[in-house]
Amino acid sequence: MTLSVLDLAMIVLPAAAYLDQYKKIHKSGDTGTFNPATCGVLLVCNIIRVFFWLARRFDTVLLYQSFVMIVAQLLLLELCVRVQHRRRRPSFQIKSLKDYTSAFWAWPHFSHYVAFCAALAGGLWLLHLMFGSSAAYADLVGAVALGIEATVPMPQAWNNYKRKSTFGLSWIVIMSWFGGDLFKIGYYIASGAPAQFTMCGFVQFSVDLIICYQIARYSVYTRIGSTASPVSTIKMGTSL
């Protein structure tokens, strides 16, 4: 199989978008506002996407994209766990299944996350052996994988809504989401990818539009007073 420049862009660029986040965390030694749950969402949906491909063979470019994203998110997650481990109390340990479940996705060691991903892949492999030939099963796996992936930008939109502010949110980041999701929709349609991919792209693109609207709407706070910031304006309003 010969990959075109467009194919390579589709494989690499979604994961490359997280390179800047990795560099910032590595340089500052702090995860800041980045939530490692984002890594979890992307790991789960891309692992499931691999088994979706096994059940319904679609464009291998999208399979390669999942593999690259899995590796990228594991690297980013390992860094987050390593950074957070320095601030975690030494007595915090996972000694039982109850500890493991109660501390879900806040585990102290990277090996716990790897074990979860391995267990997920193992369970999906067993399901594939039992139901892999079923078209209904393939549709269900695809819907679950892409349904989870579609939720990736939603926490940002919800956070903007709760704060009634987009202060500190980069237009460059949002426009990269906007352009990237639009590019993916076009690629999915042109390559004849399963409908789940296209629907996921439209959901993500819709959330991108919501965030762009929030930036335009909430930026009015920056015009209230020459020295008031969006955050301080909100605090003043809520205290009255």
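Quick note: the coordinates plus some simple rules give every number you see, no bench work behind them. Computed from a prediction, not measured in an experiment: that's the story for all the values here. Every residue, glycine among them, receives a Cβ derived from its backbone with ideal geometry; neighbour counts consider all protein chains shown.
Structure notes:
- With a simple spin-label model that places each label point 7 Å from the Cα along the Cα-to-Cβ direction, the separation between TRP125 and CYS212 comes to 4.3 nm.
- Length gained when the stretch ALA103-LEU54 is fully extended (0.36 nm per residue, less Cα-Cα span): 14.4 nm
- Label point distance in nm, ASP139-SER191, each placed 7 Å from Cα along Cα→Cβ: 2.3 nm
- Pairwise label distance in nanometres, PHE183 with HIS85, each label 7 Å out on the Cα-Cβ vector: 3.4 nm
- Segment 1-146: C-alpha gyration tensor shape, a/c 1.5 cut-off, then a/b vs b/c: oblate
- 19 Å reach of a label modelled at TYR22, 7 Å along Cα-to-Cβ, counting backbone N of segment 129-151: none
- Remark: the LEU3-ASP30 segment gains 6.0 nm on full extension, using 0.36 nm per residue and subtracting the alpha carbon distance.
- For segment 183-221, backbone nitrogen atoms closer than 11 Å to the point 7 Å from LEU13 Cα along Cα-to-C-beta are found at 183-187.
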